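Trainee: One structure, pasted below without further comment.
The values are calculated or read from the model by the stated rules, or taken from the named source; none is laboratory data. Predicted model only: the values in this text are computed from it and were never measured. Positions of Cβ are generated from backbone atoms using ideal geometry, with glycine treated the same way; all protein chains shown enter the neighbour counts. Protein only, heavy atoms only, side chains kept; ligands, DNA and RNA dropped before computing areas. Shrake-Rupley method; radii C 1.70, N 1.55, O 1.52, S 1.80 Å.
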Amino acid sequence: MRHKRSDFPTGFLFGAATSSYQIEGHGFGGAGRTQWDDFAATPGNVVRFENGARACDHYHRYEEDLDLVAAAGFDCYRFSLSWARVLPEGRGAVNQEGLDFYDRLTDAMLERGIKPCATLYHWELPSPLLDMGGWRNRDIAGWFADYTEVVMSRIGDRMFSVAPINEPWCVAWLSHFEGHHAPGVRDIRAAARAMHHVLLAHGRAIETMRGLGMGNLGGVFNLEWADPADDSAGARHAADRYDAIYNRWFLGGVFKGEYPALALKGLEPHLPTGWQDDFPTIQAPLDWCGLNYYTRKLIAPAGAPWPDYREVEGPLPKTFMDWEIHPEGLYDFLTRTARDYTGDLPLYVTENGMASQDVIKDGSIGDPGRTAYLDAHLDSAKRAIAEGVPLNGYFIWSLLDNYEWSLGYEKRFGLVHVDFDTLVRTPKASYHALAHALKS
């Protein structure tokens, strides 16, 4: 690996990231049913009908996994909490076994000198709340605030940082307009309401944690650079609409108290009454902003109703997800976010990584391309820092191979290989390269 820790400013943090449903094993510890259990049980939604019932069995193997975090030299571990593990019905009775697990997990991080960086929600909505409308129902903001208070009253005193919701675009648009993720809805009215309610819930959670006396609270946004597929005005306009929906809606709501006109053109007729009055809550002040970045898309008109865009295959090398490798996009987002939205607020790259095909030989596991991918994106991070962007840390997705949602267990993002039959963990070449870099 070209980079080493000393190439970055003093105090710059390196971490690895995971999510609850993808690694814990949702069939353990009294967890309630989630929308992903339902989605995966519906034929055609998930490869081989696979689900997160066992996943990586992190619920029982978390100490082994945290040993891997520590041995690599990471400063931080970004993990998420399962709403349904804490509140099996989404509201009401608390599952003490679930709270006890997160209590043990937190202490195990601290015992190893790892900073706990929590995310309250990474897509595993309790099924009883989906029955009540889920993210389409405005009441979800209150339900989420109540859940936040329950779990952070228990472990909030030991968190290094907390963000309410991972990747609001995926929670709202991908899941309610495109229908690719649970609950698998394809409806513009549902999408518009989810787009707004996810930010309202974010704000209510921030307010709740401030009320508990907590600090170092942030928001995590997934961003995807959009370039026009050609030089035509139509492609430029389509890319701008894509950017408005994917990127500017969520950053604009949280940091400017407004939604972009290009997105409102299609969504405003479907937003809930009085949506403009919610911005004081949505804009609850943050201490940092996290950016999840993986790829860019080339966009062209689709010849369809609004939003009238489609993706066009690009010419760049691709990951095993068939995503273009475009590290310049990370630099572009870091500089644009600081310039247009966050100013001097600290930024973190809260996810960056790639899926690759592992090469297993003589007991070792190579992951061609991952080290080069990380190096290239760290180049972009260093370039942004050199130009004054207040970037304070970088988290790699993911620590472990895991349940990759609708793609089941066949897309491997991990620094550590997981044999999903035996659950044996084996660090890959990229893990060893990173460990050397972080200790240099």
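Trainee: Could you check how many residues of the range 78-108 are in a helix (DSSP H, G or I), surrounded by 22 or more Cβ atoms within 10 Å (Cβ to Cβ) and among the aliphatic types (A, V, I, L, M)?
Mentor: So the answer is 3.
Trainee: For the range 372-424, enumerate the residues that are assigned to a loop (DSSP other than H, G, I, E, B), open to solvent by less than 20 Å² (accessible area, probe 1.4 Å) and among the polar types (S, T, N, Q).
Mentor: Of everything in the range 372-424, those that are assigned to a loop (DSSP other than H, G, I, E, B), open to solvent by less than 20 Å² (accessible area, probe 1.4 Å) and among the polar types (S, T, N, Q) turn out to be Ser398, Asn402.
Trainee: Give the residue, chosen from Tyr309, Tyr348, that is in contact with a strand residue (DSSP E or B) (Cβ under 8 Å, 6 or more places away or on another chain), closer than 28 Å to Phe12 by Cβ and surrounded by 20 or more Cβ atoms within 10 Å (Cβ to Cβ).
Mentor: Tyr348
Trainee: Does Leu200 satisfy the criteria of being buried (at least 21 other Cβ atoms within 10 Å of the Cβ) and under 16 Å from Leu286 (Cα atoms)?
Mentor: Yes; evaluated as a whole, the condition is true for this residue.
Trainee: Can you name the condition, by its number, that Ser440 falls short on among (1) assigned to a loop (DSSP other than H, G, I, E, B); (2) polar (S, T, N, Q); (3) at pLDDT 95 or above?
Mentor: Only one criterion is unmet by Ser440, namely (3).
Trainee: Then there's this: What's the number of the condition Asp37 fails, among (1) in contact with a Leu (Cβ under 9 Å, 6 or more places away or on another chain); (2) farther than 28 Å from Asp379 by Cβ?
Mentor: Tallying (1) in contact with a Leu (Cβ under 9 Å, 6 or more places away or on another chain); (2) farther than 28 Å from Asp379 by Cβ, Asp37 fails exactly one: (1).
Trainee: Let me ask something additional. Is it true that some residue in the range 356-371 is modelled with pLDDT of 95 or more, assigned to a loop (DSSP other than H, G, I, E, B) and within 22 Å of Val220 (Cα to Cα)?
Mentor: No, the range 356-371 has no match at all.
Trainee: Let me ask you something else. Evaluate the following for Leu286: is it of a type in the set (A, V, I, L, M), touching a residue at least 12 places away in the same chain (Cβ under 8 Å), assigned to a loop (DSSP other than H, G, I, E, B) and buried (at least 19 other Cβ atoms within 10 Å of the Cβ)? Walk me through it before giving the result.
Mentor: On the way: of a type in the set (A, V, I, L, M): yes; touching a residue at least 12 places away in the same chain (Cβ under 8 Å): yes; assigned to a loop (DSSP other than H, G, I, E, B): yes; buried (at least 19 other Cβ atoms within 10 Å of the Cβ): yes.
Spelling it out, Leu286 is indeed of a type in the set (A, V, I, L, M), touching a residue at least 12 places away in the same chain (Cβ under 8 Å), assigned to a loop (DSSP other than H, G, I, E, B) and buried (at least 19 other Cβ atoms within 10 Å of the Cβ).
Trainee: Quick one: which of Gly218, Gly133 is in contact (Cβ under 8 Å) with a residue 40 or more places away in the chain and open to solvent by less than 50 Å² (accessible area, probe 1.4 Å)?
Mentor: Gly218
Trainee: I'd like the full set of residues that are without any contact (Cβ under 8 Å) to a residue 12 or more places away in the chain and touching a helix residue (DSSP H, G or I) at 6+ places or on another chain (Cβ under 8 Å), limited to the range 225-260.
Mentor: Scanning the range 225-260 gives a single hit, Tyr259.
Trainee: Here's another thing I want to ask about it. Going by what's in this entry, would Gly52 be described as of a type outside the set (D, E, K, R), assigned to a loop (DSSP other than H, G, I, E, B), more than 27 Å from Ala433 (Cβ to Cβ) and open to solvent by less than 10 Å² (accessible area, probe 1.4 Å)?
Mentor: On the way: of a type outside the set (D, E, K, R): yes; assigned to a loop (DSSP other than H, G, I, E, B): yes; more than 27 Å from Ala433 (Cβ to Cβ): yes; open to solvent by less than 10 Å² (accessible area, probe 1.4 Å): yes.
Criteria met by Gly52.
Trainee: Quick one: Glu63 ticks every box in (1) open to solvent by 40 Å² or more (accessible area, probe 1.4 Å); (2) in a helix (DSSP H, G or I); (3) touching a strand residue (DSSP E or B) at 6+ places or on another chain (Cβ under 9 Å) bar one, so which box is it?
Mentor: Among (1) open to solvent by 40 Å² or more (accessible area, probe 1.4 Å); (2) in a helix (DSSP H, G or I); (3) touching a strand residue (DSSP E or B) at 6+ places or on another chain (Cβ under 9 Å), Glu63 violates only (3).
Trainee: Something else now. Using beta carbons and a limit of 6 Å, which pairs, at least six apart or on different chains, have the first residue in the range 138-166 and aromatic (Phe, Trp, Tyr) and the second one part of a helix (DSSP H, G or I)?
Mentor: The qualifying pairs are Phe144/Ala201; Phe144/Ala205; Tyr147/Trp83.
Trainee: Just name the residue that is surrounded by the fewest Cβ atoms within 10 Å (Cβ to Cβ) out of those in the range 318-345 that are assigned to a helix (DSSP H, G or I) and of a type in the set (Lys, Arg).
Mentor: Looking at the filtered set, the residue picked out is Arg339.
Trainee: From the set of residues in the range 318-371 that are among the polar types (S, T, N, Q) and under 19 Å from Arg412 (Cα atoms), which is nearest to the chain's Cα centre (by Cα)? Steps first, answer last, please.
Mentor: Going residue by residue through the range 318-371, those that are among the polar types (S, T, N, Q) are 319, 335, 337, 342, 350, 352, 356-357, 364, 371.
Checking which are under 19 Å from Arg412 (Cα atoms) leaves us with 319, 350, 352, 356-357, 364, 371.
On the way: Thr319: 18, Thr350: 8, Asn352: 10, Ser356: 19, Gln357: 22, Ser364: 29, Thr371: 21 Å.
Only one residue tops the list, namely Thr350.
Trainee: Restricting to the range 263-280, name every residue that is in a loop (DSSP other than H, G, I, E, B) and either modelled with pLDDT under 95 or open to solvent by 30 Å² or more (accessible area, probe 1.4 Å) (or both).
Mentor: Thr273
Trainee: Same structure, new question: Just name the residue that is nearest to Pro183 (Cα to Cα) out of those in the range 109-131 that are under 20 Å from the mean Cα position of the chain (by Cα) and not in a loop (DSSP other than H, G, I, E, B).
Mentor: Ranking the candidates gives Pro126 first.
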